[in-house]
Every structure is written in structure tokens, then in C-alpha cells.
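Report on the following structure.
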Amino acid sequence: LTDFEFFRLRYLGHVSSPWQVEAAVKMVELLASDGDDYTVVNLPPGAGKTTLFTCDIPLWMIVRDRSVRIIVGHRTQSMANTYSGRLRQILARRTPLKARERNMRMGLEVDAVATLAGDFGPFKPGTGDDLWRREQFTVVTNDEVRTDEKESTVVAFGMDSGQLGWRADFIVWDDLASTKIRTPEAVANQREWFDDEAETRLEPGGVFALVGQRLGSSDIYRHALDKRG
């Protein structure tokens with residue numbers, strides 16, 4: 001649980017680059033700090049940023065601390081649901097993941113050798129389908145807190161869905177920039193939503209990560225950087 005590179009290889013079959021290990025360790029360190037932390041991560045397509053930030057890092061956080069609350073977000077609700085659903089499936093797996101042939105040839109993946117549920121006990125509640133939905137789920141806790149009384153572990157949101165009432169310790173928004181958001185009105189609307197909705201969902205002491213590819217000098221990443229100096 002202290003070695004992200006080993007965790008990722010054993011349970012997910014993902015071969016890590018040095019920057020990926022550094023990013024994961026940094027996110028966990030920030031989560032353990034007392035202050036609110038905001039980070040912008042800009043990477044080109046094919047760098048593995050989405051898998052790292054919406055899947056592997058959240059899984060590491062959940063296994064380390066089942067009380068953590070996470071929001072995974074995307075420009076569209078359907079893609080955000082895909083992120084959440086992937087996390088849910090991996091947590092419930094009973095057989096190790098198999099590497100995809102193309103990624104194995106490229107040296108990016110190997111066959112995983114164990115499952116999270118097998119090594120750390122069940123994450124999926126034994127009852128209550130409402131606790132294990134694709135867009136929102138709650139993992140079994142290791143203490144005496146009833147799962148149905150615990151706040152959701154992972155919730156998925158799109159820009160077009162309301163977030164009122166939800167707060168999280170780790171929030172990651174992936175690929176918010178889009179070539180469709182280019183007009184002054186669209187840019188202003190996204191910035192207003194980001195300021196009033198997205199950023200305000202962070203719990204004190206939490207980590208907010210904005211991840212994606214730069215698409216222009218006035219995109220949402222520039223706005224986020226300018227806000228924080």
C-alpha cells in the first residue's frame with residue numbers, strides 16, 4: 001500500500017512510468033496534508049493520464065482508506081459513469097485482470113497476478129443494489145459503520161449534472177476542455193460553472209485535480225492556473 005508501482009503492477013497489470021509514480025505519490029501526500037490542494041495536469045493524448053487519474057490513483061486511495069470520498073468527472077455524464085463503472089468492476093473482480101495484447105506488445109501492460117478483493121477482502125456490499133450503481137457506489141467498511149449509513153465512496157458527475165449536496169476528499173475532472181467550447185459565451189459559461197460548482201465540492205484538506213490536454217490559450221486549464229497564481 002506504500003508502493004504505487006508495485007500496487008499498480010500486481011492488481012492492474014499496468015507498467016508505470018516514473019512520472020506516473022511521482023504523480024500518484026504526490027496526490028496521496030497532498031491528501032494527507034491539512035490544506036486544500038489544487039493541481040492542473042496537462043499531458044498529450046496517449047500518455048495514460050485518464051487511466052492513471054480516474055482509475056489507478058482512486059483505487060489506491062480506496063484500498064488505503066475505505067472512508068475516502070471521491071468524485072470522478074468528465075465533460076459528459078456518460079463518460080464519467082464509465083470511469084466510475086470501471087472502478088466498481090475492478091473492486092469486485094474475483095479473477096486477475098488480463099493484459100490487452102496490443103498494450104502487452106508495447107510494454108504498457110502485463111497480466112495482473114492478484115485481485116483487490118482477494119487480498120484485502122470484499123469491497124462490494126453483500127446486499128443493497130442501490131449502494132453499487134454504475135454512477136455511484138459505496139464500498140464495505142472495515143469498522144462498525146454500516147455501509148448503508150456511509151456516504152458514497154465514488155460519485156460520477158458530468159458538467160451537465162447537478163452536484164449540490166455532494167462533497168469529496170479527492171476530486172478529479174478529466175478532459176473538460178473541448179474544441180466545442182470556443183466562443184466567448186461558451187468559455188465564460190464553463191468558467192462560471194467551474195468556479196461555482198466544480199471547485200466548491202472539495203472538502204477541507206482535500207485534493208482537486210484538473211487533468212487534460214491543452215487546447216488553447218483561454219481554455220479551462222489556463223483559467224484554473226490563473227485563479228491559483
(message) Give me the 1.4 Å probe accessible area per residue for the chain, excluding ligands and nucleic acids, in Å².
(response) 50 Å²
(request) Specify whether the C-alpha gyration tensor of region 154-229 places it in the rounded, prolate or oblate class, a ≥ b ≥ c being the square roots of the eigenvalues: rounded for a/c under 1.5, otherwise prolate if a/b is larger than b/c and oblate if not. (result) prolate
(request) May I ask you to list the lysines whose Cα is less than 26 Å away from that of K98, ignoring any residue fewer than eight positions away on the same chain? (result) K49, K124
(message) Of P44, S152, G121, which is farthest towards the positive pole of the chain's charge dipole, taken about the Cα centre with +1 and -1 on the beta-carbons of Lys, Arg and Asp, Glu respectively?
(response) P44
(request) Quote the FRET efficiency, to the nearest 0.05, computed for K26 versus A47 with a Förster distance R0 of 25 Å and r equal to the Cβ-Cβ distance. (result) 0.95
(message) Let me check something: with ligands and nucleic acids excluded, how do D226, D34, D160, D111 order by accessible area (1.4 Å probe), largest to smallest?
(response) D34, D160, D226, D111
(request) Tell me, rounded to the nearest percent, the portion of alpha carbon pairs in region 48-111 spaced more than 12 Å apart. (result) 74 percent
(request) State whether region 93-144 is rounded, prolate or oblate according to the following rule on the C-alpha gyration tensor (a ≥ b ≥ c being the square roots of its eigenvalues): a/c under 1.5 gives rounded; otherwise a/b larger than b/c gives prolate, and the remaining case gives oblate. (result) prolate
(message) Please compute, over every Cα-Cα pair in region 1-100, the percentage with a separation greater than 23 angstrom.
(response) 25 percent
(message) Given Cβ point charges of +1 (Lys, Arg) and -1 (Asp, Glu) and nothing else, what value in debye, to the nearest 20, does the dipole of the chain about its Cα centre take?
(response) 940 debye
(request) Report the full-extension gain for the segment R105 to A92: residue separation times 0.36 nm, less the Cα-Cα distance, to one decimal in nm. (result) 1.9 nm
(request) Please list W60, W166 in order of solvent-accessible area, largest first, computed with a 1.4 Å probe with all protein chains present. (result) W166, W60
(message) Nearest 5 percent is fine: what portion of the DSSP beta bridges confined to region 52-181 is antiparallel?
(response) 30 percent
(request) Return the percentage of antiparallel bridges among DSSP beta bridges fully within the chain, rounded to the nearest 5 %. (result) 20 percent
(request) Rounded, prolate or oblate: pick one for region 1-57, where a ≥ b ≥ c are the square roots of the eigenvalues of its C-alpha gyration tensor, a/c under 1.5 means rounded, and failing that, prolate if a/b is larger than b/c, else oblate. (result) oblate
(request) Rounded to whole Hz and in sequence order, give me ³J(HN,Hα) for region 177-183 from the Karplus expression 6.51 cos²θ - 1.76 cosθ + 1.60, θ = phi - 60°, writing x for Gly and Pro. (result) 6, 8, 5, 7, 9, 10, 5
(message) Given the -39500 (n - 2.57) contribution per DSSP H run of 4+ residues, what per-residue ellipticity at 222 nm results for the chain, rounded to the nearest 500 deg cm²/dmol?
(response) -9500 deg cm²/dmol
(request) Subtract the Cα-Cα distance of W193 and D34 from 0.36 nm times their separation in residues, and report this length gain in nm to one decimal. (result) 54.6 nm
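The values are calculated or read from the model by the stated rules, or taken from the named source; none is laboratory data. Note that the structure is a prediction, hence the values are computed from the model and not measured. Counting neighbours? That spans all protein chains shown, and the Cβs are built from the backbone with ideal geometry, glycine included. These accessible areas exclude ligands, DNA and RNA; they are computed on the full protein's heavy atoms, side chains included. Shrake-Rupley method; radii C 1.70, N 1.55, O 1.52, S 1.80 Å.
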